[in-house]
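Heads up: the structure comes next, in structure tokens.
The values are calculated or read from the model by the stated rules, or taken from the named source; none is laboratory data. Computed from a prediction, not measured in an experiment: that's the story for all the values here. Quick reminder, even Gly has a Cβ in these numbers, built from the backbone with ideal geometry, and neighbours come from all protein chains shown. To get the accessible areas, we keep the full protein, side chains included, count just its heavy atoms, and leave off ligands, DNA and RNA. Shrake-Rupley method; radii C 1.70, N 1.55, O 1.52, S 1.80 Å.
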Amino acid sequence: MNTVTHALLPLVVAGLCERSWRLPNERKGYFSRGDLIAIAIAGAAPDLLNPHLSLAARLSSYSHTIWAVLVFGIMVLVFLKRRKHLTWRLYALLVGAYGVHLLCDLVAGGIAPFYPFMRYTVYGDYWVSPIWWVPTDAVLVLGCYFLFRAIPQLRKTTKLYAEN
């Protein structure tokens, strides 16, 4: 899958989580715009850290391993603790976004999660054909639009009419 998918899928998950965590009368969203950007970057991070054009390059990439998820989790923990901005929900979504990237690559060609120790052990396959990657991006773009733009705007409009 491409980097757009890896960035948008965690945003859709974050938007759905935010909708379920927020109380009905709360006006402000749970996550700031910066939090959402960080979640999208965390989802795209493995491809940004080690760009690749072929499956062989992905299979020999350190950023697509379980070790990278552990290091990323520790780095996020240290960075956010120093800035006093860490909530367990944000931490889970940031590290989860990195992990979801690996899961997407698992179903879109496979990964070698224990590289370099188990160099030739590849998990996954092309369970999601490349033909579906662009339609998946379109669905995720629409999902983000509705979660972060259309639904909040509809709520504001409905409250405005309810107050009159």
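Miscellaneous remarks
- Matching entry among 94, 70, 86, 77 (being in a helix (DSSP H, G or I) and surrounded by 15 or more Cβ atoms within 10 Å (Cβ to Cβ)): 94
- Each residue in segment 97-129 was checked for being among the small types (Gly, Ala, Ser) and not in a loop (DSSP other than H, G, I, E, B), and 3 of them qualify.
- Of the numbered criteria (1) at pLDDT 85 or above; (2) touching a Phe, Trp or Tyr at 6+ places or on another chain (Cβ under 9 Å), the one residue 116 fails is (1).
- Take the conditions (1) in a helix (DSSP H, G or I); (2) open to solvent by less than 80 Å² (accessible area, probe 1.4 Å); residue 132 misses just one of them, which is (2).
- Just one of the listed residues (124, 143) is among the small types (Gly, Ala, Ser), in contact (Cβ under 8 Å) with a residue 24 or more places away in the chain and surrounded by 13 or more Cβ atoms within 10 Å (Cβ to Cβ), and it is 143.
- Residue in segment 95-107 that is closer than 15 Å to residue 60 by Cα and without any contact (Cβ under 8 Å) to a residue 24 or more places away in the chain present: yes
- For segment 52-67, a residue qualifies if it is β-branched (Val, Ile, Thr) and open to solvent by less than 20 Å² (accessible area, probe 1.4 Å), and exactly one does: 65.
- Residue in segment 14-23 that is in a loop (DSSP other than H, G, I, E, B) and surrounded by fewer than 18 Cβ atoms within 10 Å (Cβ to Cβ) present: yes
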